[in-house]
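Structure first, commentary second.
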């Protein structure tokens with residue numbers, strides 16, 4: 001039977017999806033939006049995560065494998081007009097696919113068990129694009145988990161989800177963990193806790209990274225506050241060999257995480 005296209009953004013179903021652009025509603029409904037073919041494709045790989053999928057006719061024709069995967073998982077696919085997708089999406093040029101997903105975060109103890117080798121911790125990170133990029137980098141570097149502390153951005157923010165390029169669905173993510181609690185658990189799990197900060201007295205070149213390591217990354221503008229630096233086993237700075245004043249958060253995180261990943265694989 002032909003499916004009728006949804007064209008009225010004021011319909012209850014579409015209003016319920018659209019309100020997930022707001023953090024308060026995401027927290028209340030324990031759901032979020034994943035936009036674009038890459039995010040939707042990866043979300044569908046996890047059983048029970050995607051609640052429903054909205055798709056334009058053009059997107060259905062360009063990504064039949066995603067529509068088939070949704071059907072195989074018994075996920076309802078709702079055809080929508082381009083105008084409705086433009087209202088639902090948070091990008092200037094929507095790609096025509098948007099999924100309503102159940103939250104995927106897990107408790108700290110589950111995300112970081114004994115034997116974990118590499119973990120990224122985001123403390124006071126406020127920019128969702130940066131947070132999503134660090135999440136993607138942690139995934140690429142083979143990290144076992146990413147911890148968002150209670151003072152950091154919501155990982156379900158649309159920009160963060162898009163910047164993660166599907167990595168949100170690849171590795172355990174913790175949300176809202178107090179920094180002190182997170183550091184205590186990481187240390188109990190056998191990880192050495194390193195704070196990446198420009199004030200560090202030692203550089204990345206001087207640190208043995210072959211053992212289990214958790215990296216704490218701080219705010220884009222002012223780094224890590226003193227109370228968090230004091231929690232770390234070591235404060236480490238990325239060496240600057242040229243004349244640049246510093247590296248941005250995502251780049252510094254990539255350098256640190258890959259340095260650890262390489263050292264662990266060479267031991």
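What follows is calculated from the coordinates using simple rules that are stated; it is not laboratory data. Remember, it's a predicted structure, so these values are computed and weren't measured experimentally. Cβ placement follows ideal geometry from the backbone for every residue including glycine, while neighbour counts extend to all protein chains displayed.
Values as computed for the structure displayed
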| quantity | calculated |
| --- | --- |
| Packing-based exposure ordering (other Cβ within 10 Å, fewest first) of 230, 52 | 230, 52 |
| Top of 225, 79, 128 by mean-square fluctuation, Gaussian network on the chain, Cα under 10 Å | 225 |
| Taking the convex hull of Cα positions in region 108-266, its mean projected area over all directions (nm²) | 8.4 nm² |
| DSSP-defined beta bridges in region 108-266 - what % are antiparallel, rounded to 5 | 5 percent |
| Ellipticity estimate at 222 nm from DSSP helix runs (n ≥ 4, -39,500 (n - 2.57)) divided over the chain, nearest 500 | -10000 deg cm²/dmol |
| Order of 118, 97 under a 10 Å beta carbon neighbour criterion, fewest first | 118, 97 |
| Per-residue Cβ neighbour rank within 10 angstrom, fewest leading, 35, 245 | 245, 35 |
| Semi-axes of the equivalent ellipsoid for region 133-215, Cα gyration tensor, largest first, Å | 23, 15, 13 |
| Acute angle (nearest 10 degrees) that the helix 128-140 long axis makes with the longest principal axis of the chain, alpha-carbon atoms | 70 degrees |
| Packing-based ranking, highest mean first, of 59-69, 209-219, 7-17 given that Cβ atoms within 10 Å are counted | 209-219, 59-69, 7-17 |
| The chain: Cα Rg divided by the 2.2 N^0.38 Å rule of thumb | 1.09 |
| Size descriptor, Kirkwood hydrodynamic radius, that averages inverse alpha-carbon separations across region 7-60, Å | 12.3 Å |
| Quarter of Cα convex hull surface for region 188-267, i.e. mean projection, nm² | 5.5 nm² |
| Cα radius of gyration and Dmax for region 1-113 (Å) | 14.2, 48 |
